[in-house]
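A quick write-up on the structure given underneath.
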Amino acid sequence: MKIARFGNGQVGVVVGDDLVDVTDAAGVDPAEWPPVGPNRLIADFDQRREAIEAAVATGARIPLAEARLLTPVPWPNKVIAYPVNYHDHGREMQAGYRADVQGFFLKPPSSLSGPEDAVELPALPNREVHHESELAIVIGKGGRDIARENWAEHVFGYACLLDMVVRGREERVFRKAYDTFCPVGPWITTADEVDDPTQLEMRLWVGDELRQHANTRDLVLDIPGMVAMASTVMTLHPGDIIATGTPAGVGPVVDGDVIRIAIDQLGEMSVPVRQGTRGNTEVFANAYTPDIIKQR
Ligand code: MN
């Protein structure tokens with residue numbers, strides 16, 4: 001099932017080029033604050049699945065092109081992100097470590113934005129903001145100390161994710177925390193509809209230029225390992241998001257760019273980039289240009 005959030009917080013299931021509104025069957029109140037309906041839906045999905053499928057069969061269809069899609073889980077307990085999790089990206093960044101021996105960092109849930117929301121570039125003269133193309137894992141059943149071999153029981157689904165970042169040597173979280181620095185979408189594809197998450201082609205373009213192209217088989221710390229490692233430290237909750245890391249080809253975006261990310265079986269999203277006027281801080285007073293070694 002492809003589960004989207006749209007409009008004012010309604011929930012829809014994607015059927016071909018249409019969206020069917022299943023908000024009531026999903027048990028989601030779009031006006032609820034904080035907007036944790038999607039978390040509850042994920043937690044209770046097995047019990048609600050039949051009602052949702054019935055709603056899909058009879059519900060009114062809206063052309064997808066007419067719906068404004070929103071970030072699928074706007075209020076997760078946490079967004080976990082694995083740095084340097086493809087060897088070619090490690091080489092281009094000249095990083096002496098990989099995610100399997102480095103662990104994860106967190107992105108604030110407030111950085112999440114939707115597939116149709118613009119990335120707002122902070123006003124930082126002399127700094128580059130880079131795209132990172134990533135597979136997102138959405139946690140279903142929560143838990144602590146999840147064994148590698150049990151990873152699949154805890155994964156609800158997958159989506160495309162952009163881990164936007166101000167390049168520099170300051171705190172990684174600080175550089176990745178701006179509002180709109182974590183677009184997720186276009187929807188969640190439930191795990192049962194993904195043949196093999198370890199064999200997904202992922203591509204990212206800026207305009208017409210293909211900048212990143214990789215396959216999830218090249219992840220250093222694999223999906224079972226990421227679930228196990230995160231849950232060794234923290235209790236995972238339904239709706240938690242894991243950003244799995246980016247391959248080589250990261251680079252700057254500027255005002256007017258459109259970032260397109262596509263992952264096999266999960267869909268694609270085209271995210272516009274706008275230069276904002278906010279966000280300058282003394283932390284980024286010094287100029288920094290990343291020394292990226294292009295990978296073949
Ligand atoms: Mn990343």
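Each reported figure results from applying straightforward, stated rules to the coordinates on display, with no laboratory input. These numbers come from a predicted model, not from an experiment. Virtual Cβ from ideal backbone geometry, glycine too; neighbours counted across all protein chains shown.
Would you mind getting the Kirkwood hydrodynamic radius of the stretch 148-220 from its Cα pairs, rounded to one decimal in Å? Mind dumping the intermediate values first?
Numbers: mean 1/r = 0.0678 Å⁻¹.
Final number for the Kirkwood radius of the stretch 148-220 is 14.7 Å.
From the alpha carbon gyration tensor of the stretch 2-70, can you work out the equivalent ellipsoid semi-axes (sqrt of 5 times each eigenvalue) and give them in Å, largest to smallest?
18, 15, 9
Taking 0.36 nm per intervening residue step and subtracting the Cα-Cα distance, what contour gain separates Arg169 from Glu50 on full extension? Display every interim value, and only then the final one.
Details: separation 119, 0.36 × 119 = 42.84 nm, distance 4.97 nm.
Value of the extension gain: 37.9 nm.
Take the eigenvalues of the Cα gyration tensor for the stretch 79-280, scale each by 5, and report the square roots as semi-axes in whole Å, largest first.
26, 18, 16
Return the whole-Å distance between the Cα centroid of the stretch 16-47 and the Cα centroid of the stretch 235-294.
27 Å
Please express the Cα-Cα pair-distance distribution P(r) of the stretch 161-267 as a list of whole percents, one per 10 Å bin, running from 0 to the bin with the greatest distance.
Here the calculated profile for the stretch 161-267 is 12, 40, 39, 9, 0.
For the cross-link pairs Lys78/Lys141; Lys2/Lys141; Lys2/Lys78, which exceed 20 Å when the distance is taken from alpha carbon to alpha carbon?
In this structure, Lys2/Lys78 lie more than 20 Å apart at Cα.
How much FRET efficiency would the formula 1/(1 + (r/R0)^6) give for Ala123 and Arg68, where r is the Cβ-Cβ distance and R0 is 30 Å, rounded to 0.05?
0.65
Over the stretch 1-107, what is the mean sequence separation of C-alpha contacts under 8 Å (at least six apart), divided by residue count, expressed as relative contact order in percent?
26 percent
Which of these, Asp145, Asp46, Asp192, has the largest mean-square fluctuation under a Gaussian network model of the chain (Cα springs below 10 Å)?
Asp46
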